[in-house]
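What follows is one structure encoded as structure tokens, with my remarks underneath.
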Amino acid sequence: DFGKLAKDLGMKAYAVGGFVRDLLLRRSNLDIDIVVEGDGIEFARTYAREHGIRCRFHKKFNTAVLIFPDDRRVDVASARFEYYQYPAALPIVEFSSLKMDLYRRDFTINTLALALNPGEFGQLIDFFGGQRDLKDKTIRVLHNLSLVEDPTRILRAIRFEQRFGFRIGKQTVALIRNAVRMGLLQKLGGRRLLHEIQLIMVEDDPLPPLRRMNEFAVWPVLSANILFDQKLEDLFVRLREVVSWHRLSFLDEPLERWWVYMLGLFSGLAAADVEDACGRLQFTAGQRERIAWAYRTVSGLLWGFFPAAEHKPSAIFRALQPFKPEELVFMMAKAQDETPRRAVSHYFHRYRHVSTELKGRDLKEMGVPPGPIYRVILDELLDARLNGEVKDRQ
Ligand code: ATP
């Protein structure tokens, strides 16, 4: 019904980008991007009103997003000739507004459009050879200045290539090598760089794109000392295994996967290099502290605490309680032997859910004068319960 509305408003609407690409690849993609030739904000506003759904817009970019009750989103952009500014070096003059919009995109496989208006519904529009490149499994930029215009495309090319099992085209490979050599990634703002690395780290299998980044000599953008060797690869493989274990064991518990892989990436670096890399990625003060703290404490636990003795559940609980799931998952992957792995697993499955039946208010009712003693009593009770010395009331 997007097409019908467009027609009623005297506009043309197209589904574009990743949605069309994934449709042709028969991969599911719930994010729909629409480009309208006309006023996209008016289009989205009318659609939202007619369907009683929410809508937000960016006046500045002439874009809107429709938000459906099930949280699905549809992005709407306006293709209008006037506001495209292009580097003077590029000889473009007579493009239709849709073609112009698609020309700004990253790779040919992302430039396909599907007409939505009645009468032409379903027509595939392919200005730049996107279908051919999908068939040939090739990632190709649209023009030679593409990576200069936006160096994040270097990382996007790698991500799509590895996700789909494609190859980056020969010319595009040369452009990437050149762009890396010219230090274009160095010029990229930390947040944008971080965002692209995050997107890579939340891919189903981040190892292939991370390895490919190494082939393209991208890592020095974070630190000259990242050594992408077999040891680091093995760690990433184990991280992925533990991440899957976590997902299968605790289905609805969120886990920030990129954080787990970032801990992995940093674990082979010296503290000063970690700090530099965090600075480069413009981590927030909170994120820096969290990394630094994990960096300091995890190895202490793995090589100090765990091998020292058989620990009671209460000791394991106390040792692991300060950590978030991401650090615990990292710890399991990093552990060399079974003992810490089992301990962390027990913590995940059991210990962390244990609590005392008795609460502070019960102590008060029992006439215990309030004070620090409460903490001591409740902690001891919790320890006893963790160690199986106190059983549930029958
Ligand atoms: P994913 O499946 O990872 O979401 P996607 O192709 O849907 O992939 P988005 O990042 O959601 O990717 O971007 C939507 C569309 O916007 C892309 O298909 C692409 O055409 C365009 N796009 C996104 N980022 C860029 C960029 N840096 N340069 C040019 N075009 C871009």
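The values are calculated or read from the model by the stated rules, or taken from the named source; none is laboratory data. As the structure is a prediction and not an experimental result, all values here were calculated from the model. FYI the Cβ positions are ideal-geometry reconstructions off the backbone, even for glycines, and counts take in every protein chain you see. Just the protein is used for accessible areas: all its heavy atoms, side chains included, with ligands, DNA and RNA removed. Shrake-Rupley method; radii C 1.70, N 1.55, O 1.52, S 1.80 Å.
When only the Cβ of Lys, Arg, Asp and Glu is charged (+1, +1, -1, -1), the dipole of the stretch 166-289 relative to its Cα centre reaches about 660 debye. Amide H contacts for Thr63 (H built 1.01 Å from N in the peptide plane; partners 5 or more residues away or on another chain; cut-off under 5 Å): His58.
Using only the heavy atoms of the protein chains and a 1.4 Å probe, how would Ile125, Ile200 rank by accessible area, largest first? Working shown, then result.
Details: Ile125 30, Ile200 0 Å².
Ranked list, largest accessible area first: Ile125, Ile200.
Report in % the part of the accessible area of the chain that belongs to carbon and sulfur, leaving out ligands and nucleic acids; probe 1.4 Å. Could the numbers behind the result be given before it?
Details: 10680 of 20590 Å².
Taking all protein chains in place, the chain shows 52 percent carbon and sulfur surface.
Put a dot 7 Å past the Cα of Ala174, heading toward its Cβ, do the same for Val237, and the two dots end up 3.6 nm apart.
A viscosity of 0.692 mPa s and a temperature of 37 °C, combined with the Kirkwood radius over C-alpha pairs in the Stokes-Einstein formula, give the stretch 159-296 a diffusion coefficient of 206 µm²/s. Note on the chain: percent of Cα-Cα distances in each 10 Å bin, starting at 0 and stopping at the bin with the largest distance, equals 4, 18, 23, 21, 16, 10, 6, 2, 0.
Computed over protein heavy atoms with a 1.4 Å probe, the accessible surface of the stretch 169-293 works out to 49 Å² per residue.
Restricting to the chain, what percent of DSSP beta bridges are antiparallel, rounded to 5?
Numbers: 21 of 29 bridges.
In the chain, approximately 70 percent of DSSP beta bridges are antiparallel ones.
Computed 3J(HN,Hα) for the stretch 339-350, one whole-Hz value per residue from the Karplus formula 6.51 cos²θ - 1.76 cosθ + 1.60 where θ = phi - 60°, is 4, x, 4, 5, 4, 5, 4, 4, 4, 4, 6, 10, glycine and proline marked x.
Sorting His58, His51 on solvent-accessible area from highest to lowest, probe radius 1.4 Å, gives His58, His51. Ranked by solvent-accessible area (1.4 Å probe, protein heavy atoms only, all chains present), the residues Arg212, Arg140, Arg26 order from largest to smallest as Arg26, Arg140, Arg212. Among the trypsin sites (Lys or Arg not before Pro) in the stretch 308-350, those located in a DSSP loop and surrounded by at most 16 other Cβ atoms within 10 Å of their own Cβ are Arg350. Pairs to check: Lys60/Lys324; Lys312/Lys391; Lys187/Lys231; Lys324/Lys359. Give those whose C-alpha atoms are more than 28 Å from each other in this structure. Beyond 28 Å: Lys60/Lys324; Lys187/Lys231. If the segment from Ala271 to Arg181 were pulled out straight at 0.36 nm per residue, it would be longer than the present Cα-Cα gap by 29.7 nm.
What does the accessible area per residue of the stretch 296-394 come to in Å², with a 1.4 Å probe and no ligands, DNA or RNA counted? Working shown, then result.
On the way: 5940 Å² over 99 residues.
I get 60 Å² per residue for this part.
Phi angles across the stretch 251-256 convert, under the Karplus curve 6.51 cos²θ - 1.76 cosθ + 1.60 with θ = phi - 60°, into 3J(HN,Hα) values of 3, 9, 8, x, 9, 7 Hz, Gly and Pro given as x. Shape call for the stretch 308-351 from the C-alpha gyration tensor, a ≥ b ≥ c root eigenvalues: rounded (a/c under 1.5), prolate (a/b greater than b/c) or oblate? Because a/c hits 1.5 or more and a/b fails to exceed b/c, the stretch 308-351 counts as oblate.
Let me have the relative contact order for the chain, percent, based on Cα pairs under 8 Å that are six or more residues apart. Mind showing how you got there, number by number?
Values: 481 pairs, mean separation 38.4, N = 394.
Result for the chain is 10 percent.
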